[in-house]
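Just so you know, all these numbers are worked out from the coordinates, no wet-lab data involved. Only a predicted model underlies this, so the values are computations on that prediction, with no experimental measurement involved. Cβ: placed from backbone, ideal geometry, glycine included. Neighbour counts: every protein chain shown.
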Amino acid sequence: MTRLAPTFAALKSDNRAGFVAYVMAGDPDADTTLKMMQGLADKGADVLELGVPFTDPMADGPTIQRAAIRALEGGTTLKGVLALVKRFRETHMDTPVVLMGYANPFFAYGFEDFARDAAAAGADGVICVDIPPEEDTELRSALEGQGLSFVRLAAPTTDDKRLPQVVAHTSGFVYYVSTTGVTGAGSGATGDIEAAVARVRAASGLPVAVGFGVKTPERATEIGKVADAVVVGSAIVDALATDGVDQALHLAGSLADAAHSAR
Amino acid sequence: MTQPNAFSQQPDAEGRFGQFGGRYVAETLMPNILALEEAYEHYKNDPDFIAEFEEFSRDFVGRPSPLYFAERLTEEFGGAKIWFKRDELNHTGAHKINNCLGQVLLAKRMGKTRIIAETGAGQHGVATATVAARFGLPCEVFMGATDVKRQKPNVFRMNLLGAKIHSVTSGRGTLKDAMNEALRDWVTYPDETFYVIGTVAGPHPYPAMVRDFQSVIGREAREQMLERIGRLPDAAVACIGGGSNAMGLFHPFLEDEDVRLIGVEAAGKGLDTPDHAASLNGGRPGILHGNKTYLLQDEDGQITEGHSISAGLDYPGIGPEHAFLHDVGRAEYRSATDAEALEMFQLCSKKEGIIPALEPAHALARVRDLAKELGKDGVILMNMCGRGDKDVFSVAEALGVEL
Ligand SMILES: Cc1ncc(COP(=O)(O)O)c(C=O)c1O
């Protein structure tokens, strides 16, 4: 079992919304990312999403695109990303880490090798943006073989007919994309999100984290009232790029507090 | 099942050509992709849809395109007889419009109210804008900022046709970035948008659908060869960017196992340099833009930029059906360099009175070898998939001529 289940179980028994924080691995270098990961966990992030950079991130907006380019220009490789997870585990044993990226770097590494090395490094799960259920057999069985969670995305376009298929082999939690669009754009209407979260929760029996477009503590509070966790990515990445680690962590702290005290 | 059927009956229900193809897209798009597949499966057999496609192919595009005996090049190369399928005579000057017509007609029937497309050199963008204008649908074209600068005449053409151009600055501002941006737009406006992909790539059903719309090239050519010389060619040759004109030429010949199918990739400055766009000859399997296929990439699975003197060929991937035909050996894939294409561009202009696009000029370089290989009894069919008007500026520059 991964660290995800106990983390969400604890949140549930406290009746608190969780805070999931995203950071791009290697943006702009590994040491900065490690500082961010440690700081995010210390500021109250319940789960870390560690972005794996890719040259062609088709579901990401400009902020995360640019972060990926910075990471790649700094020489970040998938091996380097896994090394970061390992270093993070030297100080933080309990905070779950989910790797989020696109299929080709995982495929190039070899799904089996990737799953083995990710598990050994101390990762808990993987989100692969461009592998829908129709194409997931190989990656999923590799991850399952190593006891890693395969976290799935559900979208506003995922209708009731399709939803069971989407959540069928998910574990850990389901990531609900709050709006049609790329990361960093606006987020959907709260009422719609509340209904969607209920739908996804019922279909999956899993906690539902809501992301895409959450940028402020106010918005994190609104989402935290209806979702099991709030995911913030672009706002943190942006703060890091423009104002540095301290400011980014300051923002993350206020987002964590907002999510935790939403209810 | 017999072997020939195994070649022509692809893809399977999951959109797979052997191990290639598939549907690697974000969940937001999956329902759209499935709806598109359902609509296409329905309309491709609908007599009204087929009749409308044929009517506009005839009256608007100018089909059928002629089959032409390239007598002077045959003489020049001194071997097999060379025939051109003249798809450069189509409206807008290339094969691209065959596919745009099919997809826009489908968009209309699906009730979509907005057309988007990616373009590299601007040929697919112009063809899409042209058909969208004819059917009164608003059209937005994503084009890399680098290409917008390089291809000003086509940008102006698209503007004249009423299309809105988005200059894409992400990545390196070329074709693959334009495709990423078009996918991002589609993710954002999935309900009203129809994404007209310009080649046999992307998630299922695009590779099969684009191939079907382009197969008019091979069907006509096959019939015309039988009519004119009473036999099929020994080889059918086409250039490959994403592979749509080649797939359109090849597909009706897949079961004719005596007909060699030869695709010609862009070798740029040479396959031994990083500056080429030969995905099959210089890449390896990977996943990009919705499908599994051969890609130009580094060891870590990061996509590398293709290079070719021909802006229509510098895509870092290739349609999954070509990846399949390559691996099973039904088609052969060769390459031609920038320098060879430039040479053929000039030679074809002087000898045949046809200024070819730089893309088919690549194919012609391998036709030259093949003509010798096959000898005087041989017959070669080459798809002249585009005319060179669009290339005169870049060719002049490459030759050091100031216009
Ligand atoms: C004349 C011409 N030929 C070939 C291509 C390459 O595309 P494909 O390989 O899909 O035919 C292009 C693309 O712009 C083109 O304009």
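The charge dipole of the range A:4-260, taken about its Cα centre with unit charges on the Cβ atoms of Lys, Arg (+1), Asp and Glu (-1) only, comes to about 320 debye. Based on C-alpha pairs under 8 angstrom that are at least 6 apart in sequence, the range A:4-260 has a relative contact order of 23 percent.
3J(HN,Hα) couplings calculated from phi for the range A:103-115 with the Karplus curve 6.51 cos²θ - 1.76 cosθ + 1.60 (θ = phi - 60°) are, in sequence order, 4, 5, x, 5, 5, 5, 5, x, 4, 5, 5, 4, 4 Hz; Gly and Pro show x. GNM remark for chain A: springs join alpha carbons under 10 Å apart, and the peak mean-square fluctuation among A:G211, A:G80, A:G26 falls on A:G80.
Within the range B:103-195, what percent of beta bridges assigned by DSSP are antiparallel, to the nearest 5? Numbers along the way, then the final one.
Values: 0 of 13 bridges.
Rounded to the nearest five, the antiparallel share is 0 percent.
Of all beta bridges that DSSP places with both ends in the range B:188-301, some 50 percent have antiparallel geometry.
As a proxy for reagent exposure, ranking A:T95, A:T183, B:T113 by other Cβ atoms within 10 Å from fewest up yields B:T113, A:T95, A:T183. Amide H contacts of B:A70: B:I82, B:W83, B:F84, each under 5 Å away and 5 or more positions distant or on a separate chain (H built 1.01 Å from N in the peptide plane; Pro and chain starts excluded).
Take the residue pairs B:K176/B:K351; A:K35/A:K215; B:K44/B:K351; B:K112/B:K176; B:K85/B:K350; A:K86/B:K176 and return only those whose Cα atoms are more than 29 Å apart. Pairs exceeding the cut-off: B:K176/B:K351; B:K44/B:K351; A:K86/B:K176. Remark: spin-label model distance A:A120-B:K269 equals 3.9 nm, labels positioned 7 Å along the Cα→Cβ axis. Each residue of the protein assembly as shown gets 150 Å³ once the volume of the Cα convex hull is shared out per residue.
Listing B:V148, B:V401 from fewest to most neighbouring C-beta atoms within 10 Å gives B:V401, B:V148. Of all DSSP-defined beta bridges confined to chain B, some 30% are antiparallel rather than parallel. Its Cα centre serving as origin, the protein assembly as shown has a Cβ charge dipole (Lys and Arg +1, Asp and Glu -1) of approximately 680 debye. Taking θ as phi - 60° and the Karplus parameters 6.51, -1.76 and 1.60, the scalar couplings of the range B:107-119 work out to 4, 4, 5, 7, x, 6, 10, 8, 10, 10, 8, 9, 8 Hz in sequence order, x denoting glycine and proline.
Using θ = phi - 60° in the Karplus curve 6.51 cos²θ - 1.76 cosθ + 1.60, the 3J(HN,Hα) couplings for the range B:255-261 round to 7, 8, 5, 7, 8, 6, 10 Hz; x is entered for Gly and Pro. Both radii come from the Cα set of the range B:321-373: Rg as radius of gyration, Rh as Kirkwood radius; their ratio Rg/Rh reads 1.07. Taking amide H atoms as placed 1.01 Å from N in the peptide plane, the amide H of B:F142 lies under 5 Å from those of B:A117, B:E118, B:T119, B:H166, each 5 or more residues away in sequence or on another chain. Share of Cα-Cα pairs in the range A:4-260 beyond 29 Å, in percent? Counting every Cα pair in the range A:4-260, those more than 29 Å apart make up 20 percent. Separation of the range B:24-38 and the range B:220-268, taken as the distance between their Cα centroids, equals 31 angstrom.
Placing unit charges on each Cβ (+1 for Lys and Arg, -1 for Asp and Glu) gives the protein assembly as shown a dipole about its Cα centre, and among B:V379, B:T146, A:T55 the Cα reaching farthest toward its positive end belongs to B:T146.
With a 10 Å cut-off around each Cβ of B:27-40, the average count of Cβ atoms from other chains is 5.
Could you give the size of the charge dipole of chain B about its Cα centre, using +1 on the Cβ of each K and R and -1 on the Cβ of each D and E, expressed in debye and rounded to the nearest 20? Mind dumping the intermediate values first?
Details: 42 positive and 57 negative charges, 152 e Å.
Dipole about the Cα centre, nearest 20: 740 debye.
Taking amide H as placed 1.01 Å from N in the peptide plane, A:M24 has its amide H under 5 Å from the amide H of A:G51, each at least 5 places away in sequence or on another chain. Put simply, when B:330-337, B:56-63 are sorted by average Cβ atoms within 10 angstrom per residue, most first, you get B:330-337, B:56-63.
Using the per-residue mean of other Cβ atoms lying within 10 Å as a proxy for protection, in what order, highest first, do the peptides B:198-206, A:107-115 fall?
Sorting B:198-206, A:107-115 by mean packing, highest first, produces B:198-206, A:107-115.
Extending 7 Å from Cα along the Cβ direction at A:K35 and again at B:E71 yields two label points whose distance is 7.7 nm.
Sorted from fewest to most neighbouring beta carbons within 10 Å, what does the list B:F194, B:F393 look like?
In increasing order of surrounding Cβ atoms, one gets B:F393, B:F194.
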